[in-house]
Amino acid sequence: MRLLPHELKPLLLRCKHNALISQIHTLMVVSGLFSNGNSIAQLISSYGKVGDLKSAHKLFDKSPLRRVDSWNAMIIAYSKNEFPVEVVNFYSQMVLEGVKPDSSTFTVVLKACTILQDLEKGEEVWEKVVDCGYENDVFVGSSVLNLYSKCGKMDKAGAVFEKMQRRDVVCWTTMITGFVQSGKGREAVDLYRRMQREGLVGDGVVMLGLIQASANIADTKLGSSVHGYMIRRSLNMDVNVLTSLVDMYAKNGELEIATVVFRKMPFRNTVTWSALISGYAQNGFAVNALQLLIEMQLLGFTPDVASLVSALLACSDVGSLRLGRSIHGYAARKVIIDQVLSTGLIDMYAKCGLISCARAIYDCIISKDLICWNTIIACYGIHGHGKEALTLFQQMKDQIEPDHATFAALLSALSHSGLVEEGRHWFDIMVNEYKIKPSEKHYACSVDLLARAGEVEEAKDLITSMETKPGLAVWVALLSGCHKHKKFSIGELAANRVLELIPENTGTFVLVANFFAAAKMWDKAAAVRKLMKETGMTKVPGYSAVEVNGRLHAFLVDDTSHPQYEQIMGLLCNLENEMKAMGYVPKTDFVLQNLEEDVKVKMLGIHSERLAIAFGLLNTAPGTRLLITKNLRVCGDCHEVTKFISVIVKREIIVRDVKRFHHFKDGTCSCGDYW
């Protein structure tokens, strides 16, 4: 039996097994087809398709006529079998032997360079593309766009894209996806608009990129529009698209919609669960995040690092040390604890009151990145250990260049500890030596540092020196300092500036109203409260939470709903009698309302942190450390009361308010009464 050349290709296409290809190989020898270059290339390609690269390579080496199609067959065979290094090596040998590559060669080799993230080799191949006249080939062009995009070189990708004479949907898609992956969501959206103007219709991959861009630029309207477009056009929404929708809605605070999309998904993977858990945690719904983590495991899913980091963030928010430790133990058993997870653990332990455990985790990290350094500096700051934060910063700057976030964390730490001279010094160093232009955050930290220390005139001068218009955070920092030190003249200026900026946060309005009340400007205080009422704003109720036996118990002011209310009030009454015997005098000036003195005293006695402390004392063993988490700043009277209680009950009591930690022990606080 003899084989004719025109019979070879359809016969090889039908072959799915190595044995059949070997038989055809034998027939080719018998039929004398080895003098036909096309036939050899087809046979090499067939060996490659079934994964027999050894036979393909052997045949290639014995080929008497190695034309470009034979080289391409070997290059494509290695590519399909996922050997990118061999693809690049074969290409280099091909060029060395003087064989001119064609469009297929360049397309496959550029793909291999992309997989290897070998930008240098890829650019060398692109130079050869131009030399050979293939720079206008749409397939080669899309391949080099993909190379630049995956290597994060969107400026170079853009230059190639603009010079292309013809662009297909793949080219546009590659550019849009590249911008999204480089964190340039706005550029991705703008390019899509341009694509539309040129009459091209985006496919599912483009829509996926736009959804991710919507998440990056916080544009819920655009994301919802893309979602609706995909529904109307009946475009396929697989698990990747739906997960991106969950992520987009969650990141933009639309948790109800995110949850609806999540619950309606026919199939979910670990990334889907992580997206919603992260959304809940980042938007302050810590309990929901932790409940979802538990549900995820009950349904047989194994949490990944992203899920665990989000769960740790949730534990940090609510101060759940027991659950945080449980997650740490799970991570130690089930996953590799990388830098991201280690940083999450540092943050969790610090915000649950155990700065020593946070430091122990930090010390175990061999290679510390910038985020890790910034985190531990910030953690020491919120615990009032400004000198330790500064020591760490000085160690850091000898190993890694500090950035704007580092200086923001350092200035905040120095502010919490009242280290004014150090704050002035490092602000100047940041500007003059590191050439970091101060942002709103840096000015806010520096103004807070000065105003908190009573240097409100200097703080005001710093604001005046700003090159940009001061924002809300800067004026709030000045107002807080004026409120604390009763600097009513400058404080009135700051309060008026705050109101001009129309704050959205209810707490800011409350600060302004409280300042006017402290200054006995009752009409202005009443006007601010009236404005709040007219705009539908209500004061966020203060609450305090304490963890007992692994469960969080939250209390509002004068919370009579708790089943142990009578016992709690009884204990507080006994404690107050003992405190008065020790010299305690209620600080009624912290009740910023025009009331009788005895009413003010009564109001102080039912503050939420006192209820939480009493509950903790009633339900834990003697000597047990208590951690109280409060959503507002602790008032001056409660601060004094907690010092007295720590002496009476001989316990350490840690209060984490919205700004910092207070460690009470033996009648003193770690803040040194500077807060």
Residue, farthest from the chain's Cα centre (by Cα), within the range 571-595, restricted to residues that are modelled with pLDDT under 85, in a loop (DSSP other than H, G, I, E, B) and surrounded by 15 or more Cβ atoms within 10 Å (Cβ to Cβ):
586
Scan of the range 317-351 for residues that are assigned to a helix (DSSP H, G or I) and acidic (Asp, Glu), ordered by number:
317, 347
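On the given criteria, is residue 469 among the charged types (D, E, K, R), farther than 19 Å from residue 658 by Cα and over 30 Å from the mean Cα position of the chain (by Cα)? Outline the logic, then answer.
Values: among the charged types (D, E, K, R): yes; farther than 19 Å from residue 658 by Cα: yes; over 30 Å from the mean Cα position of the chain (by Cα): no.
No: the conditions fail for residue 469.
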Among the numbered conditions (1) more than 24 Å from residue 458 (Cα to Cα); (2) not in a helix (DSSP H, G or I), tell me where residue 380 comes up short.
(2)
Name every residue in the range 427-474 that is surrounded by 20 or more Cβ atoms within 10 Å (Cβ to Cβ) and among the acidic types (Asp, Glu), in order of residue number.
448
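Suppose the filter is touching a helix residue (DSSP H, G or I) at 6+ places or on another chain (Cβ under 6 Å), β-branched (Val, Ile, Thr) and surrounded by fewer than 18 Cβ atoms within 10 Å (Cβ to Cβ); does residue 557 pass it?
On the way: touching a helix residue (DSSP H, G or I) at 6+ places or on another chain (Cβ under 6 Å): yes; β-branched (Val, Ile, Thr): yes; surrounded by fewer than 18 Cβ atoms within 10 Å (Cβ to Cβ): yes.
Yes.
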Could you check the range 639-670 and list, in sequence order, the residues that are out of contact with any Phe, Trp or Tyr (no Cβ under 8 Å at 6 or more places or on another chain) and either in contact (Cβ under 8 Å) with a residue 60 or more places away in the chain or not in a strand (DSSP E or B) (or both)?
647, 648, 649, 650, 651, 656, 657, 658, 661, 663, 666
Among 243, 220, the single one that is modelled with pLDDT of 95 or more, hydroxyl-bearing (Ser, Thr, Tyr) and either within 25 Å of residue 190 (Cα to Cα) or under 21 Å from the mean Cα position of the chain (by Cα) (or both) is 243
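Give 100, 128, 111, 163 a once-over and let me know the one that is out of contact with any strand residue (DSSP E or B) (no Cβ under 6 Å at 6 or more places or on another chain) and under 30 Å from residue 215 (Cβ atoms). Give the steps one after another, and end with the answer.
On the way: 100 fails: under 30 Å from residue 215 (Cβ atoms); 128 fails: under 30 Å from residue 215 (Cβ atoms); 163 fails: under 30 Å from residue 215 (Cβ atoms).
That would be 111, the only listed residue that is out of contact with any strand residue (DSSP E or B) (no Cβ under 6 Å at 6 or more places or on another chain) and under 30 Å from residue 215 (Cβ atoms).
Can you work out which of the residues in the range 618-638 that are in a helix (DSSP H, G or I) and surrounded by 22 or more Cβ atoms within 10 Å (Cβ to Cβ) is modelled with the lowest pLDDT?
The initial filter retains those residues of the range 618-638 that are in a helix (DSSP H, G or I), namely 618-619, 636-638.
Cutting the leftovers down to surrounded by 22 or more Cβ atoms within 10 Å (Cβ to Cβ) gives us 637-638.
On the way: 637: 87, 638: 90.
Top of the filtered list is 637.
Identify, from the list 264, 251, the residue that is among the basic types (Lys, Arg) and either closer than 30 Å to residue 347 by Cβ or within 24 Å of the chain's Cα centre (by Cα) (or both).
Working: 264 fails: either closer than 30 Å to residue 347 by Cβ or within 24 Å of the chain's Cα centre (by Cα) (or both).
Selected residue: 251, the only one of 264, 251 that is among the basic types (Lys, Arg) and either closer than 30 Å to residue 347 by Cβ or within 24 Å of the chain's Cα centre (by Cα) (or both).
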Counting only residues that are of a type in the set (Lys, Arg) and farther than 21 Å from residue 414 by Cα, the range 453-512 contains a total of 4
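Hey, among 421, 467, 458, which residue is among the acidic types (Asp, Glu) and closer than 26 Å to residue 519 by Cβ? Show your work before the answer.
Details: 421 fails: closer than 26 Å to residue 519 by Cβ; 467 fails: closer than 26 Å to residue 519 by Cβ.
After applying the criteria, what remains is 458.
Among the residues of the range 185-200, write down those that are assigned to a helix (DSSP H, G or I) and not small (Gly, Ala, Ser). If you could, list the steps in order and put the result at the bottom.
Residues of the range 185-200 assigned to a helix (DSSP H, G or I): 185-197.
Within the range 185-200, 186, 187, 189, 190, 191, 192, 193, 194, 195, 196, 197 qualify.
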Using beta carbons and a limit of 8 Å, which pairs, at least six apart or on different chains, have the first residue in the range 555-574 and of a type in the set (Ser, Thr, Tyr) and the second one at pLDDT below 90?
565/559
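Could you look through the range 555-570, keep only residues that are of a type in the set (A, V, I, L, M) and modelled with pLDDT of 90 or more, and pick out the one that is farthest from residue 618 (Cα to Cα)?
Just the residues of the range 555-570 that are of a type in the set (A, V, I, L, M), to begin with: 556-557, 568-569.
If we keep only those that are modelled with pLDDT of 90 or more too, we end up with 568-569.
Details: 568: 8, 569: 11 Å.
My answer is 569.
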For residue 332, which of the numbered conditions (1) out of contact with any helix residue (DSSP H, G or I) (no Cβ under 6 Å at 6 or more places or on another chain); (2) closer than 21 Å to residue 632 by Cα; (3) among the hydrophobic types (A, V, I, L, M, F, W, C) fails to hold?
(2)
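Going by the structure shown, is residue 196 more than 24 Å from the chain's Cα centre (by Cα) and free of Cβ contacts under 8 Å to residues at least 24 places away in the same chain?
So residue 196 passes the test.
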Candidate set: the range 236-281, residues that are aromatic (Phe, Trp, Tyr) and buried (at least 16 other Cβ atoms within 10 Å of the Cβ); chosen: the one nearest to residue 205 (Cα to Cα)
249
Positions within the range 143-160 being assigned to a helix (DSSP H, G or I) and surrounded by fewer than 22 Cβ atoms within 10 Å (Cβ to Cβ), in sequence order:
150, 154, 155, 156, 158, 159, 160
Residue under evaluation residue 64, criteria (1) assigned to a helix (DSSP H, G or I); (2) at pLDDT below 75, criterion not met
(1)
Can you find a residue that is touching a residue at least 24 places away in the same chain (Cβ under 8 Å), more than 14 Å from residue 160 (Cβ to Cβ) and of a type in the set (D, E, K, R) anywhere in the range 108-120?
yes
Within the range 352-361, does at least one residue satisfy the condition of being touching a Gly at 6+ places or on another chain (Cβ under 8 Å) and either at pLDDT 95 or above or not in a helix (DSSP H, G or I) (or both)?
yes
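For the range 516-545, name all the residues that are assigned to a loop (DSSP other than H, G, I, E, B) and under 24 Å from residue 556 (Cβ atoms). I'd like the intermediate steps shown before the answer.
Our first condition is that a residue be assigned to a loop (DSSP other than H, G, I, E, B); within the range 516-545, this holds for 519-521, 535-542.
535, 536, 537, 538, 539, 540, 541, 542, listed by residue number.
Go through the range 72-117 and give me each residue that's on the phi > 0 side of the Ramachandran plot and over 35 Å from the mean Cα position of the chain (by Cα). Give the steps one after another, and end with the answer.
Filtering the range 72-117 for residues on the phi > 0 side of the Ramachandran plot gives 82, 98, 117.
Matches in the range 72-117: 98 only.
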Failed condition for residue 602, given (1) buried (at least 18 other Cβ atoms within 10 Å of the Cβ); (2) of a type in the set (D, E, K, R); (3) over 35 Å from the mean Cα position of the chain (by Cα)
(1)
Residues being among the charged types (D, E, K, R) and either under 22 Å from residue 628 (Cβ atoms) or surrounded by 15 or more Cβ atoms within 10 Å (Cβ to Cβ) (or both) - total across the range 331-363:
3
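The values are calculated or read from the model by the stated rules, or taken from the named source; none is laboratory data. Predicted, not measured: the structure shown is a model, and the values here were computed from it. Because the Cβ atoms are built from the backbone with ideal geometry, glycine has one as well, and the counts that use them run over all protein chains shown.
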